[in-house]
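Below you will find the structure I want to go over with you.
The values are calculated or read from the model by the stated rules, or taken from the named source; none is laboratory data. Here the structure is a predicted model, which means the values were calculated and not measured. Neighbour counts are summed over all protein chains in view; Cβ atoms, including those assigned to glycine, are modelled from backbone coordinates with ideal geometry. Keep in mind that these areas ignore ligands, DNA and RNA; they rest on the heavy atoms of the full protein, side chains included. Shrake-Rupley method; radii C 1.70, N 1.55, O 1.52, S 1.80 Å.
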Amino acid sequence: MINFPAIYIANGTAILLLFVILLSLKSSLRYGLFEEKIFYAMVILNILQCFIESASFFMDGKIGYGYRTLLLVMNTTLFINSTIFAYLWVIYVDFKLFADMKRIKRIYSFVAIPAVLTIIGCLINLVTPVFFLIDEYNVYQRADLYIIPYTVALFYVAYGVILIYSYRKKIHKYLFFPALVFITPIIVGCLLQFLFYGYSLMWIGVAIGMVSLFVNVQNEASYVDMLSGLLNRQY
């Protein structure tokens, strides 16, 4: 059974939190650094997910002309955006660590393979059920391979955390975002939504993670000299 008040409250709260981040960003997307553009893209994807997910839950089970097609497209978009978001997180972390575009281009074309395959599966799902299906009553149902997009997304999130804890001390770089603070609400939200369909908890978890990430990135900007990369007097 779908709990609409809980869905709207959770996603609405997430959208408000994310808009606070957008209003707090100092540089525009056009003139921002690469890492800022990635972060901005993650925030926008998160906001879109909240809107689309709320709309898809609202339309679930409603019969009308074009409803099934619209619900199919919205759920496909949700899966694709989730995969892209997780992949962007890995790129964001890697660039924060190494600030090397050549490394990004060299490594992440291969790291993108699971994401690309998942997106292809989502597009195939528009024609035949792969990860989910919309039945004759216009109700969303999970298909046999529904766990794959969840697994791929969590793989990328975990991969980013492993990168942080494996390399930030080796390259003697201070990063002020504790990975566990970012990943914990995301994992909890994903697992709860995975186990209890009808509740929207994943994207509020992601929004909380994004807020914690934003706060810690601001701390880093305050305490680290941008030219030398060393801790400043304020720290």
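On each of the three principal axes of the Cα atoms of the stretch 179-225, give max minus min coordinate, whole Å, ordered largest first.
Computed over the stretch 179-225, the largest-to-smallest principal extents equal 46, 14, 7 Å.
If you don't mind, there's one more thing I want to ask. Can you tell me the alpha carbon radius of gyration of the stretch 138-223 divided by the globular rule-of-thumb value 2.2 N^0.38 Å?
1.32
Give the long-range amide H neighbours of V224: residues separated by 5 or more places, or on another chain, with amide H under 5 Å away, using H modelled in the peptide plane at 1.01 Å from N.
Result for V224 returns N232.
Enumerate lysine pairs in the chain that are 8 or more residues apart or on different chains, then count those whose Cα atoms are under 15 Å apart.
Total qualifying Lys-Lys pairs in the chain comes to 6.
Set the Förster distance to 30 Å, then compute FRET efficiency between E35 and L192 from the Cβ-Cβ distance, nearest 0.05.
E between E35 and L192, to the nearest 0.05, is 0.50.
How big is the dipole moment of the chain about its Cα centre under a simple scheme where the beta carbon of each Lys and Arg is +1, that of each Asp and Glu is -1, and everything else is neutral? Debye, nearest 20, please.
Its charge dipole is roughly 840 debye.
With θ taken as phi - 60° and the coefficients 6.51, -1.76 and 1.60, list the Karplus ³J(HN,Hα) couplings across the stretch 112-118 in order, rounded to whole Hz; mark glycine and proline as x.
Going residue by residue, I get 6, 4, x, 5, 5, 5, 5 Hz, with x marking Gly and Pro.
Right, next: Starting from the Cα-Cα distance between S109 and K170, subtract it from 0.36 nm times their residue separation and give me the gain in nm to one decimal.
Extra length from S109 to K170 when fully extended: 19.5 nm.
Could you work out, for the chain, what percent of all Cα-Cα pairs fall into each 10 Å distance bin, beginning at 0 Å and stopping at the bin that holds the largest distance?
Histogramming the chain at 10 Å steps yields 7, 31, 34, 19, 7, 2, 0 percent.
For the chain, give the percent of accessible area contributed by carbon and sulfur heavy atoms, probe 1.4 Å, rounded to a whole number.
70 percent
Using the Karplus curve 6.51 cos²θ - 1.76 cosθ + 1.60 with θ = phi - 60°, work out ³J(HN,Hα) for each residue of the stretch 46-56 in order, rounded to whole Hz, and write x for Gly and Pro.
4, 5, 4, 4, 5, 5, 5, 5, 4, 5, 5
Y8 to K62: FRET efficiency via 1/(1 + (r/R0)^6), r the Cβ-Cβ distance, R0 22 Å, to the nearest 0.05?
Result of the calculation: an efficiency of 0.85.
Can you give the FRET efficiency for T151 and N232, using 1/(1 + (r/R0)^6), R0 = 25 Å, r = Cβ-Cβ distance, to the nearest 0.05?
Given R0 = 25 Å and the Cβ-Cβ separation, E is 0.05.
To continue, here is another question. Which of these, G64, G12, G189, has the largest mean-square fluctuation under a Gaussian network model of the chain (Cα springs below 10 Å)?
In the Gaussian network model the winner is G64.
Say we join alpha carbon atoms closer than 10 Å with springs in a Gaussian network model of the chain; which of I107, I164, I15 then has the biggest fluctuation?
Checking each option, the largest mean-square fluctuation is seen for I107.
Separate question: Divide by every residue of the chain the summed helix terms, -39500 (n - 2.57) for each DSSP H run of at least 4, and state the resulting mean residue ellipticity at 222 nm, rounded to the nearest 500 deg cm²/dmol.
Mean residue ellipticity, 222 nm, calculated: -24000 deg cm²/dmol.
What does the accessible area per residue of the stretch 42-119 come to in Å², with a 1.4 Å probe and no ligands, DNA or RNA counted?
With all protein chains present, the stretch 42-119 gives 44 Å² per residue.
Related question: If you line up the Cα atoms of the stretch 63-201 on their principal axes, what length do they span on each, largest first, in Å?
For the stretch 63-201, the Cα extents along the three principal axes come out at 58, 30, 23 Å.
Calculate the tail of P(r) for the stretch 113-153: the fraction of all Cα-Cα distances greater than 14 Å, expressed in %.
Tail fraction, whole percent: 45.
I need two numbers for the stretch 7-113: Rg to one decimal and Dmax as a whole number, Cα atoms only, in Å.
16.7, 52
Quick one: which residues, 5+ away or cross-chain, put their amide H under 5 Å from the amide H of F132? H built at 1.01 Å from N.
A143
With θ set to phi - 60°, apply the Karplus curve 6.51 cos²θ - 1.76 cosθ + 1.60 along the stretch 92-104 and write out the HN-Hα couplings as whole Hz, x wherever there is a Gly or Pro.
Using θ = phi - 60°, the values come out as 4, 4, 4, 5, 4, 6, 10, 6, 10, 5, 5, 5, 4 Hz.
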